[in-house]
Every structure is written in structure tokens, then in C-alpha cells.
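Comments concern the structure below.
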Amino acid sequence: MSYTLGVDIGTFESKGVLVDGEGRIVAHATRPHEMLVPRPGWAEHRPEEDWWGDLVAISRALLTETRIDPAGIACVAVSAIGPCMLPVDGAGRPLMNGVLYGVDTRATAEIEELTARIGAETILERCGNALTSQSVGPKIRWLKRNRPEIFAEARKFLTSTSFLVHRLTSEYVIDHYTAANFSPLYDVATLDWTTEFAGDIVGPDRLPRLLWSAEIAGQVTHAAAAATGLAAGTPVTTGTIDAAAEAVSVGVRHGGDMMMMYGSTIFIIQVTDERVRDARLWYAPWLTPGSHASMAGLSTSGTLAHWFRDQFARDLPRETAFAMLAEEAAASPPGAKGLLFLPYFSGERTPIHDPRAKGAFFGLNLTHSRGDLYRAMIEGIANGTGHVIETYRDLGQAPRRILAVGGGTKNPTWLQAISDIGGVPQIICEETVGASYGDAFLAACAAGHARPEDIEHWNPAVREVTPERHAALERQYRLFRKLYEQTKDIAHELG
């Protein structure tokens, strides 16, 4: 029996699975870590401790639990949050904390300057995406401007996954799906790095080599084997961003298939038959040549649940707090007694791309309970997600089917609110562990032990959430949209 290993590094937790040739999980492990917020608008991880440290600990835990001979692992695949920005020196050592994906909004000025200089239409056409807080190029420019000593010392600029693959194999690689988020440094027409639009930021020689996600990047080195317990020489794939691996895990393959990922953020990936051009969404080549993906994501969702628990549920046992809060929310009626919530605690990504947006509870009165607030928070996230689904419909890209995955699928109120407000059914598959399972499947494909269509047998659908109509939720969605528009000037002035 041969096995594949998948490890995913998330915003607050890392997960790993060992999977046999039939797709059965024989062991899984998790490891928590924190997201650092050194100042408002910034979000960071410690690459040695939170990325590499988690991968090492999880690999060793899985091997210890199962007592599997490491030589029996046919292939390893990793994914991680992204796109991130991490400068490393000539030996691959991090020169600072990793700057996280769109939740980190430090490069707002650089986004505005680059957009004005290059032109919004040129960027959208050639790079596939408008410059937003999700873009890595402006963050590298921010580093060059604000930390010139680090920029000068940096030999390579990596994302989280490419850092992990380098630690495993000594190779500097990145998949095309992730690279498309390095705008304006990646050209979606040529599928290559470019200096045409912002050559003064950084040259291609300081960026990783481009590959497809399931291509073998290299083999586990002796040093990595000593750290992780894996066998030296084990093949390692190029890897990808966690959300893409999450989509793979539930069988998102065909045009019109959409993944709804319930994690620290809501993240959406829809495979499309052709490239979708719209500044409100993101575009990237999908994981194999000739395929396309259209993406969207909120800045905060599961992160808000952590915030709410830590600030308003300190009386509840930490290990059961989320379940107890979900029960309190379920006792509140749809519409949370007229309470509105804007989930823009770290600005907002799609579709409004407003890094200066602010979070808010609106409509509070003396009858509102903690359960009402928690329900309003859930429905605010669902309203933001509904806004994204409405955007897809406006573009003629209404999803053919939605596959939900992630830890938030354990919260029935959250699932139902998104179906109700978005007017869409959601399919839940048997395995909801997510990205690490998708990694293990990609590793199996890379090793020649599985075909892309086999995921439907590895992880079959088991149930469906169907939308219900509630007049209160329809009213709340309309007012949610108005509340942002009518208060955004105040939010911007608050700074």
C-alpha cells in the first residue's frame, strides 16, 4: 500500500492528512498558531514557526501515529494561505515575518500609485486582476520603499507555499495559479513573469520558477528528511494556495463548478470555460494548462467568529464556545431582530475592493442579546457573500453547482444563511477536512496513482442545503448594501 501526504497551513491552524490509495484518511493532525496584527491593517505570520514549524510537527505526528514506513509515502503536496509576500536571503532564510494575503492592507498607497501609472484597463487586461490588497506586487514595492535594507538583502520573494517547498526540496518554485496574484508582475497572456509594467519593483530573477500545481518540483532533501521524518528522495509537488487545494478536495473541476470555502475568510473559486474579465473579481489560470478560474473572497469571516468569542464570550468554555454561540444565534430569528452587521473589520476584498471600509453593528437596541449579535454577524458575512454571488450572476456566470467546504460547514445557521441570502443550494461532501485532503489527492495524481475524475469516488456528495425565502433576510440584504454606500465616506475619514 502506498500513501500520499497533504499538509495545509491556514490562517489560524495547520492540518495534515495521510491518505491511502483509495482516498481513505488513515491519520490526521492539526496544529494551531496565531495571526499577528502588529498594527491596524497589517497581518503577518512567522514563517519559521507558523509555516515550517507546523509542517515539521504535523509530518512527524502523522508518521508517529501510523508507524508507516516513510518510504511508503509516494508523494507529498503542500498548500498554504496566500498570496503572501516573504523576502528570503541567499540561503532561503526569512528576512521578516510573512505578509499575508488581502487581509493585509499596508500597500494601499502603492496600489493607487501603480494603478495610476500603468492604467487600470491595462492591468486588468494583461495581468488578469485589478490591483487590490490581494496583489503581491504592491507589497514588494511597499517593502522597497519602507524597508530598503531588507529589500536589498532579499535574494527571492516567495509566498507561503513556495517557502515550504523550498525547505523541503531546496527548489524555488511557484504555481501559475498563485503567481497570477503577483500582479503587475505576471502576464496571464504569456503565462510568465513580466517587467513590462513594473520592472522597477523587482526582476524575474528574484521570483520563483513557474510550474503547474501538480508538477513535481523536486525531492525531499536529506536536511528536510532529518527535520520532518520523511524519506529523502520523496517527490514533492509544486503546491498551491490553500483555497485551490480546498476546491480540489470537493471535486471542483468543470466549468460552472464553484467552491464556497468556510474558513478564516469566505473564499470562492469558480472554474470557468473562458477567462472572466471584471475588476470586481480575481482571475487566474486554474491548476492545469488551458483551464481558467474566477475567484472572490471576503477579508474576514471565520476571523470574526474568533474575535467575537474572544471579546464577548469569555464566560464560555473555549473548546465549546463556538458551538454554544451557534446555538444562541439559532435561537434568534432570521434578520436578528433588525440588526445589521458590516463584516469589514480588515477592509473588504471582493467585490467592493475597499481597504478602508470599516466593520459595524447597526440598529442596536436594548432588546438585543448576544445571540442576536452573533446571528447578525453570521448574516452580515452571508450578505457579503450574497453580494459576491450577485456579481457572478451579473456577469452571466451564475454557478452551476456550489460545493461547500471548511470548518464553517459545521455551523448550520451560517450555511443556511448563505443559501437563503444568495438564493443558492450548497452541496456538502463526505470529507470536509479541506485543503490538506486536496493536497493528498493532487499528490496522488502527480505520482500517477489517481486521475482527476477519481475525486468523485474519493469524496462523494452526501447532503445538500437548499435555500429558503425569508422576507426579513431580503430586507436586510437591501439595507446592508445601502448601509455601506451611505457610510463609506465616514469610514474612510475615520482612517
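Derivation of every value follows stated rules applied to the coordinates shown; laboratory data play no part. Because the structure is a prediction, the values reported are computed rather than measured. For neighbour counting, all protein chains shown are included, and Cβ atoms are generated from backbone atoms with ideal geometry for every residue, glycine included.
Shape verdict for the stretch 220-346, please, from the Cα gyration tensor: rounded (a/c under 1.5), prolate (a/b greater than b/c) or oblate. In terms of gyration-tensor shape, oblate. Between Val26 and Leu18, Val19, Asp20, the built amide H atoms are under 5 Å apart, and every one of these is 5 or more places off in sequence or on another chain.
Working note: Karplus 6.51/-1.76/1.60 with θ = phi - 60° gives the stretch 432-441 the couplings 10, 5, x, 4, 5, 5, x, 4, 4, 5 Hz, where Gly and Pro are set to x. Kirkwood's formula applied to the C-alpha pairs of the stretch 219-282 gives a hydrodynamic radius of 14.4 angstrom. Computed over all pairs of different Cα atoms, the Kirkwood value for the hydrodynamic radius of the stretch 3-243 is 18.1 Å. Helical content of the chain, expressed as a calculated mean residue ellipticity at 222 nm, amounts to -10500 deg cm²/dmol (DSSP H runs of 4 or more residues, -39,500 (n - 2.57) each, divided by residue number, nearest 500).
Stretched out straight at 0.36 nm per residue, the stretch from Arg24 to Leu364 would grow longer than its current Cα-Cα span by 117.6 nm. Between amide H atoms placed 1.01 Å from N, distances below 5 Å from Gly128 occur with Val188, all of them 5 or more places distant or on a separate chain. Normalising the Debye intensity of the stretch 395-477 to I(0), with uniform scatterers on Cα atoms only, and taking log10 at q = 0.23, 0.26 Å⁻¹ returns -1.10, -1.23.
Of the peptides 383-395, 433-445, the ranking by mean beta-carbon count within 10 Å, highest at the top, reads 433-445, 383-395. Counting every pair of alpha carbons in the stretch 334-472, the share spaced more than 25 Å apart comes to 41 percent. Potential lengthening of the chain between Glu319 and Leu395 amounts to 23.1 nm, from the contour at 0.36 nm per residue minus the alpha-carbon distance. Descending by average beta-carbon neighbour count within 10 Å, the peptides 400-412, 362-374, 322-334 line up as 400-412, 322-334, 362-374, the highest first. The local environment of Ala331, defined by Cβ-Cβ distances under 10 Å, has a net charge of -2 under the rule Lys, Arg +1 and Asp, Glu -1. Dividing the C-alpha radius of gyration of the chain by 2.2 N^0.38 Å, with N its residue count, gives 0.93.
Phi angles of the stretch 412-423 translate, via the Karplus equation with coefficients 6.51, -1.76, 1.60 and θ = phi - 60°, into HN-Hα couplings of x, 5, 5, 4, 5, 4, 5, 5, 5, 6, x, x Hz per residue; Gly and Pro are given as x. Computed 3J(HN,Hα) for the stretch 59-64, one whole-Hz value per residue from the Karplus formula 6.51 cos²θ - 1.76 cosθ + 1.60 where θ = phi - 60°, is 4, 5, 5, 5, 5, 5, glycine and proline marked x. Simple spin-label estimate for Glu34 and Ile490 gives 3.3 nm between the two label positions (7 Å along the Cα-to-Cβ direction from each Cα).
Each peptide in 280-290, 112-122, 90-100 receives the mean, over its residues, of other Cβ atoms within 10 Å, and ordering these scores from highest gives 280-290, 90-100, 112-122.
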